[in-house]
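The next block holds one structure in the form of structure tokens; read it before the comments.
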Amino acid sequence: MQLREKETPTTELIQIAEKVVQLPRESHQRVILNDRLDIALACGFDGIHLGGTSFPVGVVRRRAPAGFIVGASVHQLEEAVAAERAGANYVIFGPVFPTPSKLKYGPAQGIQRLHAVASSLSIPVLAIGGISLANCQECLKAGAAGIAAISLFQTSRSVRGVLSQLRVAEAGFNALPS
């Protein structure tokens, strides 16, 4: 789970962060904060997700405690390779499909570029940008370890319902012959 509050003032973000890290979670779930290393460390998050204008992955890796998860948003194969070399545990690549929320990052990259990134790295690659229930299996088939989505959840009347449908889609993908 990622807490993504890019515009929230520091004092308010600390209050939210302290509540989020206290939420009950399943044993495999980790809580990651977007961009703010200071708050992530102070509030006991499991890791941080870095955008293009954040601290560099290598700087965070050198200063973070052992086991701290570091993820990075990337938009090109070269950025993905550099993030992995610098010590990222995963990257989020996109936008894969057209989406209004990612227009500033350029045109959709497409499934072929997602495949190129996923097949070039040894760390997990998550697909982002225009992800829907209809195209999530396509991302997995291209080599994505998973998806990251915003509008899929924002437009849903039931987050649990979407998660349930995603689990069905993943199970269906895993049942496909190789």
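The values are calculated or read from the model by the stated rules, or taken from the named source; none is laboratory data. Quick caveat: nothing in here was measured; it's all calculated off a predicted structure. Note that each Cβ is placed from the backbone with ideal geometry, even for glycine, and that neighbours are counted across all protein chains shown.
When the stretch 133-171 is filtered for residues that are of a type in the set (Ser, Thr, Tyr) and either closer than 14 Å to Phe93 by Cα or touching a helix residue (DSSP H, G or I) at 6+ places or on another chain (Cβ under 6 Å) (or both), only Ser156 remains.
The C-beta contact set for the stretch 68-85 (first residue more than 14 Å from Ala116 (Cβ to Cβ), second residue of a type outside the set (Lys, Arg) and assigned to a helix (DSSP H, G or I), distance under 6 angstrom, 6+ apart or interchain) comprises Val70/Val57; Val70/Val60; Ala72/Val57; Ala72/Ala83; Ala83/Val57.
Annotation: Arg30 fulfils all but one of (1) over 22 Å from Leu163 (Cα atoms); (2) of a type outside the set (Phe, Trp, Tyr); (3) not in a helix (DSSP H, G or I); the unmet one is (1). Checked against (1) touching a residue at least 12 places away in the same chain (Cβ under 8 Å); (2) within 22 Å of Phe153 (Cβ to Cβ); (3) of a type in the set (A, V, I, L, M), Leu103 passes all but a single condition, namely (1).
Considering only residues in the stretch 1-21 that are of a type in the set (A, V, I, L, M) and part of a helix (DSSP H, G or I), the one that is surrounded by the most Cβ atoms within 10 Å (Cβ to Cβ) turns out to be Ala17. Determine, yes or no, whether Glu170 is of a type in the set (Asp, Glu), at pLDDT below 95 and surrounded by fewer than 22 Cβ atoms within 10 Å (Cβ to Cβ). Considered against the rule, which asks whether it is of a type in the set (Asp, Glu), at pLDDT below 95 and surrounded by fewer than 22 Cβ atoms within 10 Å (Cβ to Cβ), Glu170 comes out as yes.
Number of residues in the stretch 2-15 that are of a type in the set (A, V, I, L, M, F, W, C) and touching a strand residue (DSSP E or B) at 6+ places or on another chain (Cβ under 7 Å): the value is 1.
Of the set (1) of a type in the set (Lys, Arg); (2) loosely packed, with under 15 Cβ neighbours inside 10 Å; (3) farther than 18 Å from Ala148 by Cα, all apply to Lys104 but (3).
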